[in-house]
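This report concerns only the one structure given below.
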Amino acid sequence: MDFSVIKILFIFIFFVHPESKALIYPQDLITHDSVFDFPSLTPSFPTSSSPIFRPPTAPLVPALFIIGDSSVDCGTNNFLGTFARADKLPYGRDFDTHQPTGRFCNGRIPVDYLALRLGLPFVPSYLGQAGSIKEMVLGVNYASAGAGIIFSSGSELGQHISLAQQIEQVTDTIQQFIVNIGEDATTDLISSSLFYISIGSNDYIHYYLLNASNVQTVYLPWSFNQFLAQTIKQEIKNLYNDKVRKVVVIGLAPIGCAPYYLWLYSSKNGECVKNINDMILEFNFAVRYMVSELNEELVDATIIFCDAFEGSMDIIQNHNRYGFNVTDEACCGLGEYKGWIMCVSPEMACNNASSHIWWDQFHPTDAVNAILADNVWSSLHTPMCYPMNLQDMLAQSTS
């Protein structure tokens, strides 16, 4: 039985129908008045998992720019010809609007929580925003589900925007800024803004682990990890040449614990797939070392690495402390661990996603995203950022 064919049929059946159209501009939940007047946060919904959180009275950075894959895609793929879409319910059912937006989650993704921490509105996708400089100067999300560090990673799913293409979109955005607000103002904006990079999972899920192009005969896992880390390094240098100075690089989560791989490897008692997680650990080590090199090489740049593997494993191993009852089975899906068929229908979803660590085959629930965002921001639950967390990084830049 060709499971990939069955999977595509399910996606086609459920995703092509017209119900539950995704919101195109969910960032309108939080509005702003002008390019110079930054937004005030709407207090009508919780703004963080932390009960002591208070939104800042003024933005801590001018803008938030996001580069990545489905871990941070907020709707880019709604505009692409791809099976990697999250524009139908039950995706978004626990979001602020209770409607799908293109986020691969039941609710918010980590950058939504961080935007609120920074005093900024939810960041619109590059393809979804209206194209006005007034909106774009507060940030743009270039992330595309299925995208990888390698151009062809995820290509079997359809269209996506790879890491290199997203960097090109950043350059195009900067050129738009120069034309509209001038070169000096653009340099000030870009150098003071925060860039958030979360990408790499698809280079394993849809490339190395599938042995696409016989990659496993060319690269052993460690060599492959080094290749990916050096590719990211060069792209960060390209951003630096465009005056980017503040960067958060997110490591990969333990995809060997994802419901899809628990199903595929017939896991016993929900045990994670060790050989996959070992590759992820090696990748994160390589990227962390690469970030330390860049901090030495790039003058006036501050780059931090946040290890999503560490943060996620802390949640999995201490799930009771965090209030999670289900650690291995997805909230939405079919098959053992609900990892066989991806989430394509509201009827496939559990009632209470907040009791689950995993939302679907590969993506965590909103509750997990909130915890990880708190860790990126202030190491609230467990340290996972090096050499410092985001809050300390911004405090250092203003001291």
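The values are calculated or read from the model by the stated rules, or taken from the named source; none is laboratory data. Only a predicted model underlies this, so the values are computations on that prediction, with no experimental measurement involved. Note that we place each Cβ from the backbone using ideal geometry, even for glycine, and neighbour counts take in every protein chain shown. Side chains are part of the model used for accessible areas, which takes the heavy atoms of the whole protein and leaves out ligands, DNA and RNA. Shrake-Rupley method; radii C 1.70, N 1.55, O 1.52, S 1.80 Å.
In table form, for the structure just shown:
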read-out: Criterion (closer than 30 Å to THR398 by Cα and either open to solvent by 20 Å² or more (accessible area, probe 1.4 Å) or at pLDDT 95 or above (or both)) met by exactly one of ASP300, ASP328; value: ASP300
read-out: Of the criteria (1) open to solvent by 10 Å² or more (accessible area, probe 1.4 Å); (2) assigned to a helix (DSSP H, G or I); (3) without any contact (Cβ under 8 Å) to a residue 40 or more places away in the chain, which one TYR240 fails; value: (3)
read-out: Hits in the range 165-195 (condition: under 16 Å from THR231 (Cα atoms) and either open to solvent by 40 Å² or more (accessible area, probe 1.4 Å) or touching a helix residue (DSSP H, G or I) at 6+ places or on another chain (Cβ under 6 Å) (or both)); value: GLN165, ILE167, GLU168
read-out: Number of the exception - TRP222 against (1) assigned to a helix (DSSP H, G or I); (2) buried (at least 16 other Cβ atoms within 10 Å of the Cβ); value: (2)
read-out: Tally, over the range 349-358, of residues that are out of contact with any helix residue (DSSP H, G or I) (no Cβ under 6 Å at 6 or more places or on another chain) and not small (Gly, Ala, Ser); value: 4
read-out: Close pairs (6 angstrom Cβ cut-off, 6 or more residues apart or separate chains): over 20 Å from VAL123 (Cα atoms) in the range 174-197, open to solvent by 50 Å² or more (accessible area, probe 1.4 Å) and assigned to a helix (DSSP H, G or I) anywhere; value: none
read-out: Qualifying position, being crowded, with 19+ Cβ neighbours inside 10 Å, part of a helix (DSSP H, G or I) and β-branched (Val, Ile, Thr), among VAL287, VAL248; value: VAL287
read-out: Count of the range 77-105 residues which are polar (S, T, N, Q) and open to solvent by 10 Å² or more (accessible area, probe 1.4 Å); value: 4
read-out: Search result, residues across the range 151-164 that are surrounded by fewer than 20 Cβ atoms within 10 Å (Cβ to Cβ) and either free of Cβ contacts under 8 Å to residues at least 12 places away in the same chain or among the polar types (S, T, N, Q) (or both); value: SER152, SER155, GLN159
read-out: Pairs, first in a loop (DSSP other than H, G, I, E, B) in the range 260-275, second small (Gly, Ala, Ser), C-beta under 6 Å, six or more apart; value: CYS272/GLY256; VAL273/GLY256
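A quick yes/no check of all residues on (1) closer than 27 Å to GLN230 by Cα; (2) among the aliphatic types (A, V, I, L, M); (3) open to solvent by 10 Å² or more (accessible area, probe 1.4 Å):
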| site | (1), (2), (3) |
| --- | --- |
| TYR113 | no, no, yes |
| ARG117 | no, no, yes |
| GLY128 | no, no, no |
| SER132 | no, no, yes |
| GLY139 | yes, no, no |
| TYR142 | yes, no, no |
| ALA145 | yes, yes, no |
